[in-house]
Amino acid sequence: MPHGSTGTALPHHDELLVVNESPLCAETPPSRLAHPITPAAVHYVRGNFDMPSLAADHAIEVDGLVGAPFRLTVRELRELPSTQVTFTMECAGNDRTKMRPMPAGEPWNTGAVSTARWTGVPLKTLLERAGVLPGAIEVVVEGADSGHKPDATERLSYGRSLPLEALGSDVLLAYEMNDAELPALHGGPVRLVVPGWYGMASVKWVTRISVVDTAFRGYFQAQRYVFQYPDAVVPVTRTRVKSIVVSPSADAVIAPGAEVLVWGWAWSGEGEVTKVEVSSQGGSAAEWITAKLDAPIAAHAWRRWECRMRFERSGEHVLRTRATDSRGNVQPEEIRWNRLGYGNNAVREVSVRVV
Ligand SMILES: Nc1nc2c(c(=O)[nH]1)N[C@H]1C(S)=C(S)[C@@H](COP(=O)(O)O)O[C@H]1N2
Ligand SMILES: [Mo]
């Protein structure tokens, strides 16, 4: 087992591409990005601290600015009416390695993105039961994991807040992933799932849900997961529009003139993906071809695109893909560099070898 003391690791997780052993940070391998729903064993993993070990019937506290605080065990949670969401979750640090200068932080390549089907109870259901009092603005969700970070003196625990006004009924306290028990590595026995937002919002190993009347300023809200641009600081929230090529893979060898099916995924947390364009020219004289989009799998899941192309000349060809969403967001040509290296959704280049 490649990572420390986490005895309940997934059976096949050695297939993941390990970015950091402990706490485990690991990417989905490129070949496994071909699945519409990523098998749980190869869903990317991001831990800021070592994985806590929680009892299967662990209890969550619901408190703060509410009329009736209560405790709820995971068993009780499972008895409440549940719902499912299929969600493409991307780590805000995905593709950080392409930024120059390279920011500190986990050196994620392109595999910190995966899609899963989550089953759970809307967070709203619990808040309604507790009775949110006037003046409340946010809900803080805390994880059971804690530890130290080099730039903080005190011991930190993982916690994040969400604004109450934007809390949709698709924000779940999930206890199942892909119709099986939620694995401990992914936050079992219970985690938050916030469709449309970068992964940091989906707090794993939930222990406490607290309603507050001031903006939460915890380390993972205010010191991390903020875009620190040279001239502004902006919180990281919804996932930016982005696309990836699944096939041809990086090591594929293609014959000159042969028709090639080029396909991949595109997602956006800000709207529906409405267009994907592909170019094989590279450089500024790129000619963009509009790809065919499959029907969406689900509102917050990636959307498959494909196009057929021929590469006449032998040698290396550079494929570029650019997605657009229903809000008019388009993948930028240039990386929007920021000090902590988040949200790189720039048009990506993939090399294709023709021989
Ligand atoms: N408690 C807790 N929740 C957490 C984290 C964490 O370190 N601790 N990491 C967050 C980040 S940055 C991401 S990208 C996602 C990753 O979820 P996964 O490991 O199931 O893929 O979990 C989020 N939730
Ligand atoms: Mo992340």
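Say whether the condition of being on the phi > 0 side of the Ramachandran plot, away from ligand 1 (no atom under 13 Å from the Cβ) and in contact (Cβ under 8 Å) with a residue 60 or more places away in the chain is met by at least one residue in segment 96-116. Checked against the condition, which is being on the phi > 0 side of the Ramachandran plot, away from ligand 1 (no atom under 13 Å from the Cβ) and in contact (Cβ under 8 Å) with a residue 60 or more places away in the chain, segment 96-116 yields no hits at all. Tell me yes or no: at least one residue of segment 115-135 is farther than 13 Å from residue 209 by Cβ, hydrophobic (A, V, I, L, M, F, W, C) and in a strand (DSSP E or B). Within segment 115-135 (the criterion being farther than 13 Å from residue 209 by Cβ, hydrophobic (A, V, I, L, M, F, W, C) and in a strand (DSSP E or B)), the answer is yes, since at least one residue qualifies. Total residues in segment 224-254 satisfying the condition of being under 19 Å from residue 113 (Cα atoms) and without any contact (Cβ under 8 Å) to a residue 12 or more places away in the chain: the figure is 0.
For residue 123, the requirement of being within 16 Å of ligand 1 (Cβ to nearest atom) and either modelled with pLDDT of 95 or more or of a type in the set (S, T, N, Q) (or both) is met. Scanning segment 65-95 for residues that are in contact with a Ser or Thr (Cβ under 9 Å, 6 or more places away or on another chain) and within 16 Å of ligand 2 (Cβ to nearest atom) returns 87, 88, 89, 90, 92, 94, 95. Among residues of segment 150-169 that are not assigned by TED's automatic domain parsing to the domain that holds residue 121 and among the aromatic types (Phe, Trp, Tyr), none has a Cβ under 9 angstrom from a residue that is loosely packed, with under 11 Cβ neighbours inside 10 Å and at pLDDT below 95 at a sequence gap of 6+ or on a separate chain. The strands (runs of 3 or more DSSP E) found entirely in segment 35-95 include none that carry 3 or more residues being modelled with pLDDT under 95 and within 14 Å of the chain's Cα centre (by Cα).
Among the residues of segment 96-108, those that are within 14 Å of ligand 2 (Cβ to nearest atom) and in a loop (DSSP other than H, G, I, E, B) comprise 103, 105, 106, 107, 108. Here residue 163 does not qualify as more than 14 Å from residue 124 (Cα to Cα) and away from ligand 2 (no atom under 16 Å from the Cβ). So, in segment 141-153, of the ones that are surrounded by fewer than 19 Cβ atoms within 10 Å (Cβ to Cβ) and at pLDDT 95 or above, which residue ends up nearest to residue 214 (Cα to Cα)? Among them, the one singled out is 146. One residue alone among 179, 145 is in the same structural domain as residue 91 (by TED's automatic domain parsing) and away from ligand 1 (no atom under 13 Å from the Cβ), and that residue is 179.
In this structure, residue 229 does not satisfy being away from ligand 1 (no atom under 13 Å from the Cβ) and surrounded by 20 or more Cβ atoms within 10 Å (Cβ to Cβ).
The values are calculated or read from the model by the stated rules, or taken from the named source; none is laboratory data. Quick caveat: nothing in here was measured; it's all calculated off a predicted structure. Every residue, glycine as well, gets a Cβ built from its backbone with ideal geometry; the counts of neighbours run over all protein chains shown.
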